[in-house]
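Down below is the structure, laid out as structure tokens.
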Amino acid sequence: MKKNNLKYLLLIVLFIVLTISLLGADSGIIVDRKAEWKYSDIGEIKEDWKSFDYNDSNWKIGKSPLGYGDDYSETDPKLPIGTVVGFGEAENKYMTTYFRKIVEIENPESVKDLEIFVHVDDGAIVYINGVELFRRGIDSKDVNYMTTAKFKPKEESFKLSGNWFKKGKNIIAAEVHQDSLNSSDLWFELGIKNQNFNEDKKIESTPVIKTKIEEPKTEKVSKITVTFTGDTKFAKGFTWYTSQNYKKSDLEIIEKTGTIVDFSKALKFRGYTTISENSKDEYLHKAEAIGLKEGTTYFFRVGDSSKNFWSETGSFKTAMKKAKFTFIDVADTQAKSEEEAILSSKTLKKAVETVSDAAFIVHNGDIVDTGINELQWDWLLNHSAETLMNTTIAPVAGNHEEDKEAFSEHFNLKEEAGTDTKTGVYYSFDYGNAHFIMLNTNEDSKEFNNFSNEQIQWMKEDAKKARKNGSKWIIVTIHKGPYTTSNHATDADIMGENGVRTKIVPILNEIGADLVFQGHDHIYARSKVIKDGKAVKTAEVTEVLNGISIKYKVNPAGTIYLIPSTAGPKVYYKNKKIDSSYYELFDVAEENHAAKYGADPTDGSRPVRSQIQNFEAITVDGEKLTVISYEIDKDKNNGMPYVIDSFGIIKK
């Protein structure tokens, strides 16, 4: 009996070995996504590095994915970087990094139809035996070492047909280009597979039956956000997620009359349900409450009434016509880990505790680090649930939320009819005597970097309508702003021929924007009053508010631009490449306050992460607008917020 058992065991082992061998031999994989590559990360190469005969003996060798700046893939949170490549000087990084790999093809006639996967940041051209196979993010015909790139989707799977290979050894080469010399990250991951390999040769292994009994998970309503969807005095929008066990989208609202919440007499609203684009096992729910009372506080809950499945109770307050109000402004809560997301959630909590009368929060974009990574939304929104369920958020999309409805899925917003919401949403709302214009800088057109022509036309018409309706203030929120003081101030899409500073600033002047909130550049800065690209002398008066001395610009003939730094972990140094005269446009343009703590150990081009966060408190009271800027330093003031700047505007 023992001999028979041994015989069977040997047969099973032999079967497994054969299975693995055949799968490896006949998988059709030409380049595995985790393959080793030779690479050069020391700057420009002037020789023909794409040819087979090029001597790459002194190149380094590393496993894919290769890059720097990201510990994990932006599109696959479970995939760690394989090899960290060099980037040169922190403020003057290599524009191009080079990669080479030899593959051997026995029968090139059978390798004509290729399945290709590429994940590249910022852009690349790939060659086989010196002939271009494909490119992504690089439009220029005359490509050189300094050519910039921008492949917005970051990754793509596609098919190509042609006679690419020869019998024997072939060289695959790639050049990965950055969008600027201070780009924050690089990623190169390539997979090539032969579509025509014989599938019949594959031997399927016997599936393993799991015997472990999983403990049932307690299901909850998650990722709840409350937004403006119409008239802020009478309506609210709601978004939330559930498992696919709960299909109905029910919203119940009851006016607050005391501390006891009784939903038996609630207003009931039915929303709609879809499957999330970036979280296929979840239902995405949205609903809108309308017909509410002005200036009234309500309790709410969301869920599936048919199964008595409800969220915790939240609250919100509707606006009042022309009344004084206060709001909070933050930017760039983006986090690479759950620990960092908890830090961002604590910033939001401290902000609403400090500014206890805030009616809502404006977010200037880059809410998460990778918009299509749903886990990061789980981290931030769920750890911030107590805060976000008791306020309203008015966000704009950052470049980290520019893909696959990543932004629009998480917020119920009234986008302009007919607009494409894949990259974000542009919209507006009135609150008190102020009109808020919320822009999407993830669009592009021939005339405008980061904007479509349709959005520009909408902005002009929207502002004109707001003035006609009596709005005293025009407040604009834009992720990629024109007047910041760190790395991105010298980006081509900001200062170039069609850049935001070149093309959008005149339009902001034209529409009469009073104050512009910006993100993207992870540093605190405040401009002077700017018109036509120049600082405008403006009369000032000083007042004291709660012990804080505030200088008010009186009847400014231009716009003030403010970037509140970051409410999350990532910060940047002040830009040292730009002409020093640029800083004459600013009232505040200091080095990042985190710089004194030294460089980040994982990226010397930036100050240490997670040390300092910032937020703004803005009060609009008739003809007066007041801004108080707060900072949180974990090693100062017991980690509690303190004031670092203040200013205001008076319009008589």
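The values are calculated or read from the model by the stated rules, or taken from the named source; none is laboratory data. As the structure is a prediction and not an experimental result, all values here were calculated from the model. We place every Cβ from the backbone using ideal geometry, glycine too, and count neighbours over all the protein chains shown. Ligands, DNA and RNA are stripped out before the accessible areas are found, and what is left, the full protein with its side chains, is counted by its heavy atoms. Shrake-Rupley method; radii C 1.70, N 1.55, O 1.52, S 1.80 Å.
Residue by residue through region 151-163, note down the ones that are under 16 Å from GLY191 (Cα atoms) and either touching a residue at least 60 places away in the same chain (Cβ under 8 Å) or crowded, with 20+ Cβ neighbours inside 10 Å (or both). Break it down stepwise before answering.
Residues of region 151-163 under 16 Å from GLY191 (Cα atoms): 154-161.
The answer is LYS154, GLU155.
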Inset, instruction - Scan region 526-568 for residues that are surrounded by fewer than 17 Cβ atoms within 10 Å (Cβ to Cβ) and under 30 Å from ARG606 (Cβ atoms) and jot them down. - result: GLY533, ALA535
Inset, instruction - Exactly one condition in (1) over 19 Å from the mean Cα position of the chain (by Cα); (2) in contact (Cβ under 8 Å) with a residue 40 or more places away in the chain; (3) farther than 25 Å from LYS624 by Cβ is not met by TRP473; state its number. - result: (3)
Inset, instruction - Tell me which of these ASN390 doesn't satisfy, since it passes every other one: (1) in contact with an Asp or Glu (Cβ under 8 Å, 6 or more places away or on another chain); (2) polar (S, T, N, Q); (3) open to solvent by 30 Å² or more (accessible area, probe 1.4 Å). - result: (1)
Legend entry - Residue check for SER315: of a type in the set (S, T, N, Q) and either open to solvent by 10 Å² or more (accessible area, probe 1.4 Å) or in a loop (DSSP other than H, G, I, E, B) (or both): yes
Legend entry - Count - residues of region 620-652 that are in a strand (DSSP E or B), in contact with a helix residue (DSSP H, G or I) (Cβ under 9 Å, 6 or more places away or on another chain) and aliphatic (A, V, I, L, M): 2
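Just to check your reading of the model, which residue among LEU375, LEU439, LEU380 is closer than 27 Å to ASP122 by Cα, surrounded by fewer than 22 Cβ atoms within 10 Å (Cβ to Cβ) and either of a type outside the set (D, E, K, R) or at pLDDT 95 or above (or both)? Write out each step before concluding.
On the way: LEU439 fails: surrounded by fewer than 22 Cβ atoms within 10 Å (Cβ to Cβ); LEU380 fails: surrounded by fewer than 22 Cβ atoms within 10 Å (Cβ to Cβ).
Just a single option satisfies the conditions, and that option is LEU375.
Within region 352-400, take every residue that is farther than 25 Å from SER629 by Cβ and among the acidic types (Asp, Glu) and give me the one that is nearest to the chain's Cα centre (by Cα). It would help to see each step written out before you state the result.
First, pick out the residues of region 352-400 that are farther than 25 Å from SER629 by Cβ: 370-379, 381-382, 385, 389.
Subset that is among the acidic types (Asp, Glu): 374, 378.
Values: GLU374: 12, ASP378: 14 Å.
Ranking the candidates gives GLU374 first.
Answer yes or no as to whether ILE45 is surrounded by 14 or more Cβ atoms within 10 Å (Cβ to Cβ), among the aliphatic types (A, V, I, L, M), in a strand (DSSP E or B) and out of contact with any Asp or Glu (no Cβ under 6 Å at 6 or more places or on another chain). Before the answer, list the steps.
Values: surrounded by 14 or more Cβ atoms within 10 Å (Cβ to Cβ): yes; among the aliphatic types (A, V, I, L, M): yes; in a strand (DSSP E or B): no; out of contact with any Asp or Glu (no Cβ under 6 Å at 6 or more places or on another chain): yes.
Criteria not met by ILE45.
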Legend entry - In region 76-104, the residues that are in contact with a Pro (Cβ under 8 Å, 6 or more places away or on another chain) and either open to solvent by less than 30 Å² (accessible area, probe 1.4 Å) or farther than 24 Å from GLU156 by Cβ (or both): LEU79, THR83
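May I ask you to list the residues in region 140-150 that are modelled with pLDDT of 90 or more and touching a strand residue (DSSP E or B) at 6+ places or on another chain (Cβ under 9 Å)? Outline the logic, then answer.
So the first thing to find is which residues in region 140-150 are modelled with pLDDT of 90 or more, and the list is 142-149.
Hits for region 140-150 are VAL143, ASN144, TYR145, MET146, THR147, THR148, ALA149.
For residues in region 287-312 being assigned to a strand (DSSP E or B), open to solvent by 20 Å² or more (accessible area, probe 1.4 Å) and out of contact with any Asp or Glu (no Cβ under 7 Å at 6 or more places or on another chain), which is nearest to LYS472 (Cα to Cα)?
Taking region 287-312 and keeping what is assigned to a strand (DSSP E or B), we get 287-289, 297-304, 309-310.
Within this subset, residues satisfying the condition of being open to solvent by 20 Å² or more (accessible area, probe 1.4 Å) are 288, 297, 299, 301, 309-310.
If we keep only those that are out of contact with any Asp or Glu (no Cβ under 7 Å at 6 or more places or on another chain) too, we end up with 288, 297, 299, 309-310.
On the way: GLU288: 28, THR297: 25, PHE299: 31, PHE309: 44, TRP310: 41 Å.
By that ranking, first place goes to THR297.
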Inset, instruction - Can you work out which of the residues in region 128-150 that are open to solvent by less than 20 Å² (accessible area, probe 1.4 Å) and of a type outside the set (S, T, N, Q) is farthest from SER51 (Cα to Cα)? - result: ALA149
Legend entry - Breaking point among (1) assigned to a loop (DSSP other than H, G, I, E, B); (2) in contact (Cβ under 8 Å) with a residue 12 or more places away in the chain; (3) of a type in the set (Gly, Ala, Ser), for ALA124: (1)
Inset, instruction - Could you please find all residues in region 386-405 being assigned to a loop (DSSP other than H, G, I, E, B) and of a type in the set (S, T, N, Q)? - result: ASN390, THR391, THR392
Legend entry - Number of the condition not met by ALA174 [criteria: (1) part of a strand (DSSP E or B); (2) modelled with pLDDT under 95; (3) hydrophobic (A, V, I, L, M, F, W, C)]: (2)
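Working carefully through the options LYS503, LYS480, find the one that is under 28 Å from the mean Cα position of the chain (by Cα), in contact (Cβ under 8 Å) with a residue 12 or more places away in the chain, within 21 Å of GLY398 (Cα to Cα) and open to solvent by 30 Å² or more (accessible area, probe 1.4 Å). Give the derivation first.
Values: LYS480 fails: open to solvent by 30 Å² or more (accessible area, probe 1.4 Å).
Unique residue meeting the criteria: LYS503.
Of these, TYR583, TYR630, which one is surrounded by fewer than 21 Cβ atoms within 10 Å (Cβ to Cβ) and at pLDDT 95 or above?
Values: TYR630 fails: surrounded by fewer than 21 Cβ atoms within 10 Å (Cβ to Cβ).
After applying the criteria, what remains is TYR583.
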